[in-house]
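Structure, as structure tokens:
The values are calculated or read from the model by the stated rules, or taken from the named source; none is laboratory data. Computed from a predicted model, the values in this text were never measured in an experiment. Neighbour counts run over all protein chains shown; Cβ positions are idealised from the backbone, glycine included. When the accessible area is computed, the model is the full protein with side chains, heavy atoms only, and any ligands, DNA or RNA have been set aside. Shrake-Rupley method; radii C 1.70, N 1.55, O 1.52, S 1.80 Å.
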Amino acid sequence: MSLVARRYTPQIIVTIIILLSIAFYYLYINRDVAGAFSTADKALSDWAVIITSFALIVGGIDILRFHLTKVRKEGLKQAPFSLVSIGLLVTMVIFALIGWYISYSNPAAGIAITTQPQFRWLYLNLYAPADAAVYSILVFYIASASYRAFRVRNPMALLLLVTALIVVFGNTTIGGVVWPGFLPLRDWIMTVPNTAAFRPITIGAGLGTVVLGLRLLTWRETSWMGRRE
Amino acid sequence: MKTFRSVLIVSLILLAIGVVSAVSWFLRVQLYTTRAPFSAFIMLVVLLAAGYIFMMEARGGKLFPVRKIRAFDAIEEAVARSVEMGRPVHMTFGFGTISSAMAPQFIAGLGVLSHIARLCGKYGAKLITTLGVPEAIATAEEIVREGYYSAGRPELYDTTYNVRYLTDQQFAYASAVQATIFRENVGANIVVGPFYAESLIFMEAGNMVNAFQIAGTARETQIPFFVLVADYSFIGEEIFAAGALASGDKETLASIRGQDVGKFLAIVLIIMGILALLLPGLKGFTFVDILNWVWKVG
């Protein structure tokens with residue numbers, strides 16, 4: 001690929017998109033222009049969604065390539081796991097295609113990809129419970145992380161522990177039984193020091209985003225393309 | 001003299017906006033939309049102009065010192081430690097898509113990946129990059145490939161091993177990353193980018209295999225998890241500076257000084273707001289009302 005296509009084309013596209021986004025967001029001129037801006041802004045978002053959808057196909061191929069390579073390299077030790085992954089991937093794609101075909105050939109049936117019966121059954125009875133199970137692991141991880149974090153090794157850790165205990169007692173019914181003051185104290189901690197600590201982080205992140213945008217505009221930020229200059 | 005020139009340039013830009021606005025008002029043309037406050041547009045222009053002026057000054061030879069970000073410096077230590085232990089380096093840059101408001105953090109994560117890939121090439125480390133967003137596959141492959149090739153170690157690059165797209169479903173992604181950390185027994189676990197509820201799952205998995213952990217995000221709700229569990233953490237805006245630090249380019253680094261101008265303006269506005277609350281009102285209007293009008297309507 002030529003140097004121009006590899007180096008300059010992505011940067012020109014990024015620059016144009018940033019300038020257009022600023023114009024679409026701030027400028028009005030008159031009703032017709034504002035309407036045209038709104039339509040163009042929506043078109044940009046739609047393009048992003050379309051590109052992402054095509055990227056999903058690349059993702060599916062990438063998953064297949066990964067598992068086939070693993071099976072080839074590691075043989076029977078890896079084969080059962082990879083075959084289950086590939087099998088489920090292909091099964092879901094087949095049922096999705098059936099749903100797509102029905103929605104195309106017989107729209108009156110009211111069946112789309114996600115409402116195709118077998119696809120939906122697999123999603124609700126295989127994927128959804130597994131998804132919820134992984135999410136539920138989080139509670140044990142929070143407990144183990146809290147245990148390590150709240151060990152009193154220095155005065156700051158002691159302060160953290162005391163604050164955490166107030167918030168924990170303020171959030172539980174037993175806290176109110178032990179001392180009714182836990183609830184208002186927890187509310188004060190969450191609304192005053194906690195908010196005061198979060199606001200500068202939010203402002204800083206916003207400023208960081210603006211400066212990152214400046215570097216993209218001036219073509220100084222090239223790391224996202226995998227090369228510096 | 002240079003500072004005076006910079007202030008003059010910013011003043012001229014603001015004056016130009018003022019003139020254009022005045023002419024449009026005179027011609028009865030509504031130049032700006034009412035959905036966003038005009039003051040926000042002015043702030044954006046001032047910040048961009050300030051950052052650009054600092055970059056120009058750096059091009060002229062002026063040096064802008066940037067404070068050390070320990071998490072950034074620790075990346076090299078993490079990669080070197082992994083090589084010593086004969087274990088791979090794991091990197092993931094979160095679950096935010098390029099088409100959402102998380103895009104800047106996503107780009108920042110790519111900047112950190114670029115730095116890690118170069119270090120892995122330099123030290124001969126194995127790098128595993130796990131992805132939860134399909135639109136990043138080609139970019140991540142390019143970045144990792146470039147990292148190994150620029151370090152003169154093309155033989156270490158293996159697309160299938162180095163870059164792994166997992167899924168675009170949040171907890172399936174979390175589960176797969178966790179499994180990768182365990183099965184590959186990673187020596188360093190670096191997670192920088194936009195993260196949601198899955199952040200602690202990654203951190204605890206890394207902790208269980210005694211990996212050297214570096215984490216960073218600008219999402220406020222996940223920062224506490226990273227600060228508590230990781231060995232080093234990028235807090236908020238630091239992830240955006242990481243790309244500039246990785247480049248080592250003095251002009252790029254100078255742009256970070258533009259953030260300081262923004263912080264200064266934010267502090268001034270906060271102090272003005274506090275003072276306005278304390279001042280007495282004027283004929284039914286408090287100073288806070290006046291300040292709010294200037295800020296929202298402009």
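Screening B:Leu113 against (1) among the hydrophobic types (A, V, I, L, M, F, W, C); (2) surrounded by fewer than 24 Cβ atoms within 10 Å (Cβ to Cβ); (3) within 11 Å of another protein chain (Cβ to nearest Cβ) leaves a single unmet condition, (2).
Restricted to region B:25-39, and to residues there that are modelled with pLDDT under 75 and assigned to a helix (DSSP H, G or I), the residue that is surrounded by the fewest Cβ atoms within 10 Å (Cβ to Cβ) is B:Phe26. Run down B:Arg118, B:Arg153, B:Arg164 and say which single residue is open to solvent by 10 Å² or more (accessible area, probe 1.4 Å), out of contact with any Leu (no Cβ under 6 Å at 6 or more places or on another chain), at the interface with another protein chain (Cβ under 7 Å from one of its Cβ atoms) and basic (Lys, Arg). From the options B:Arg118, B:Arg153, B:Arg164, the qualifying one is B:Arg164.
For every residue, the table says whether it meets (1) closer than 15 Å to B:Thr167 by Cβ; (2) in contact with a helix residue (DSSP H, G or I) (Cβ under 6 Å, 6 or more places away or on another chain); (3) open to solvent by 50 Å² or more (accessible area, probe 1.4 Å).
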site: A:Val84; (1), (2), (3): yes, no, yes
site: A:Val93; (1), (2), (3): yes, no, yes
site: A:Gly99; (1), (2), (3): no, yes, no
site: A:Tyr104; (1), (2), (3): no, no, yes
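Here A:Leu216 fulfils each of the conditions (1) within 30 Å of B:Ala50 (Cα to Cα); (2) of a type outside the set (Val, Ile, Thr); (3) open to solvent by 50 Å² or more (accessible area, probe 1.4 Å) apart from (3).
Scanning region A:180-213 for residues that are open to solvent by 40 Å² or more (accessible area, probe 1.4 Å), among the aromatic types (Phe, Trp, Tyr) and touching a helix residue (DSSP H, G or I) at 6+ places or on another chain (Cβ under 7 Å) gives no hits. Comparison of B:Phe234, B:Phe226 shows that the only residue that is under 18 Å from the mean Cα position of the chain (by Cα), outside any helix (DSSP H, G or I) and more than 7 Å from chain A (Cβ to nearest Cβ) is B:Phe234. Filtered by the rule that a residue be within 7 Å of chain A (Cβ to nearest Cβ), part of a helix (DSSP H, G or I) and either open to solvent by 30 Å² or more (accessible area, probe 1.4 Å) or in contact with a Lys or Arg (Cβ under 6 Å, 6 or more places away or on another chain) (or both), region B:237-264 gives B:Ser247, B:Glu251, B:Thr252, B:Lys263.
Scanning region A:5-60 for residues that are open to solvent by 40 Å² or more (accessible area, probe 1.4 Å), more than 23 Å from the chain's Cα centre (by Cα) and aromatic (Phe, Trp, Tyr) turns up A:Tyr8, A:Tyr25, A:Tyr28, A:Phe37.
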